[in-house]
Amino acid sequence: MTRPAPEPMQVVKLRRDTALAALAGRVPYIRFLNITFDRRGDELTGVMHFDEKLIGNPQLPALHGGVTAAFLEVTSIICLSWALLWEDVESGALSRGDLERGALPRLPKTIDFSVDYLRAGLPRDAYARAQVTRSGRRYASVRAEAWQDNHARPIATSNAHLLMAPEG
Amino acid sequence: MTTDKTDFALSFMSALPQAQALGLEILELADGVAVIRMPYSEDLVGNPDTGVIHGGAVSTLMDTCGGAATIVHPDNAGGTATIGLRIDYLRAATPGQAVTARAECHHITRAIAFVRATAHDDDPDRPVATATGTFTVETLA
């Protein structure tokens with residue numbers, strides 16, 4: 001029995017990174033908040049790079065609660081889309097050329113979003129990860145948490161329901 | 001009317017860097033009610049194919065508006081922080097139109113303010129989002 005040789009690592013990595021850039025890089029609001037995504041295999045970590053304009057209360061100072069909510073929502077949508085895209089990126093069904101032309105499935109839409117504020121966000125970078133707790137044909141549930149210096153002390157957690165984009 | 005408080009809240013809310021970055025305009029602010037307008041901006045777009053603004057920007061508007069309503073409630077002596085916020089996205093905001101939120105602190109205890117909010121674009125009869133939130137209250141020492 002012969003198996004095709006595995007693809008060279010840099011080819012696989014380039015295709016994955018192109019997919020991620022196509023997904024997150026073209027959304028203006030993600031640039032407005034200066035959020036980027038670190039990728040290790042299929043795991044994504046959102047990074048919201050600190051900027052003065054993200055401050056809500058200048059006296060503390062603390063990150064604006066709305067910005068923290070938005071960071072969690074962005075991370076939830078991108079992580080869900082990424083999970084949906086992963087198979088096609090891995091199989092090569094979505095080629096690098098397709099991805100560069102922007103041939104991506106449409107983004108899921110948020111139905112509702114609920115956030116718990118646990119601690120004030122400090123004026124520094126914040127990180128977030130999302131977990132898809134249910135992914136159905138029409139709806140998905142996504143949980144997310146954001147933290148700063150210490151992952152064991154999250155600043156906020158969220159729960160979102162999303163409507164899947166219709167296929168085709 | 002609690003004019004001193006409204007003045008304080010106006011200057012406080014206007015100084016928030018994120019509120020400035022979003023270009024938020026305070027239209028009403030008194031007695032536990034706040035109305036805040038967020039102009040449309042290309043920077044806030046969440047779907048580049050349609051130009052619809054991102055839900056996250058609406059979240060920030062709702063949070064700001066709920067906090068502002070809490071600050072100007074007569075029974076709250078100082079500032080506030082959000083404890084929890086839930087938003088229902090009823091429909092996409094029409095691209096190119098401002099989104100205006102109205103938040104009302106409908107119940108307040110010594111520790112907690114309960115807030116309801118609604119946001120709409122140019123069509124006030126069809127809201128784009130509703131929200132409920134809980135906020136901290138500072139009592140007079």
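The values are calculated or read from the model by the stated rules, or taken from the named source; none is laboratory data. Remember, predicted model here, so these are calculated numbers, not experimental data. All Cβ positions, glycine included, derive from the backbone under ideal geometry; neighbour counts span all protein chains shown.
Computed quantities for the displayed model
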| quantity | calculated |
| --- | --- |
| Number of positions in the stretch B:106-133 that are more than 21 Å from B:ILE53 (Cβ to Cβ), touching a Cys at 6+ places or on another chain (Cβ under 9 Å) and of a type outside the set (Lys, Arg) | 3 |
| When residues of the stretch B:1-42 are limited to those that are without any contact (Cβ under 8 Å) to a residue 24 or more places away in the chain and under 22 Å from B:PRO95 (Cβ atoms), the one farthest from the other protein chains (Cβ to nearest Cβ) | B:GLU25 |
| Qualifying residue in the stretch B:77-93 (condition: within 10 Å of chain A (Cβ to nearest Cβ), under 21 Å from B:SER14 (Cα atoms), out of contact with any helix residue (DSSP H, G or I) (no Cβ under 6 Å at 6 or more places or on another chain) and not acidic (Asp, Glu)) | yes |
| Close pairs (7 angstrom Cβ cut-off, 6 or more residues apart or separate chains): under 15 Å from B:THR136 (Cα atoms) in the stretch A:56-68, among the charged types (D, E, K, R) and buried (at least 24 other Cβ atoms within 10 Å of the Cβ) anywhere | A:GLY65/B:ASP63 |
| All positions within the stretch A:135-168 that are of a type in the set (Gly, Ala, Ser), modelled with pLDDT of 95 or more and more than 16 Å from the chain's Cα centre (by Cα) | A:ALA152 |
| Options A:GLY46, A:GLY102; residue that is within 30 Å of B:MET38 (Cβ to Cβ), modelled with pLDDT under 95 and within 14 Å of chain B (Cβ to nearest Cβ) | A:GLY102 |
| Among the candidates B:VAL115, B:VAL128, residue that is within 26 Å of A:ALA165 (Cα to Cα) and in contact with a strand residue (DSSP E or B) (Cβ under 6 Å, 6 or more places away or on another chain) | B:VAL128 |
| Within the stretch A:34-43, tally of residues that are assigned to a loop (DSSP other than H, G, I, E, B) and either at the interface with chain B (Cβ under 9 Å from one of its Cβ atoms) or out of contact with any helix residue (DSSP H, G or I) (no Cβ under 6 Å at 6 or more places or on another chain) (or both) | 2 |
| Residue check, A:ALA165 in a loop (DSSP other than H, G, I, E, B), more than 14 Å from every other protein chain (Cβ to nearest Cβ) and surrounded by fewer than 17 Cβ atoms within 10 Å (Cβ to Cβ) | no |
| Considering residues of the stretch A:49-74 that are aliphatic (A, V, I, L, M) and over 17 Å from A:THR110 (Cβ atoms) only, the residue nearest to the other protein chains (Cβ to nearest Cβ) | A:ILE55 |
| Residue that is in contact with a strand residue (DSSP E or B) (Cβ under 7 Å, 6 or more places away or on another chain), surrounded by fewer than 18 Cβ atoms within 10 Å (Cβ to Cβ) and not β-branched (Val, Ile, Thr), where the choices are B:ALA9, B:ALA101, B:ALA92 | B:ALA92 |
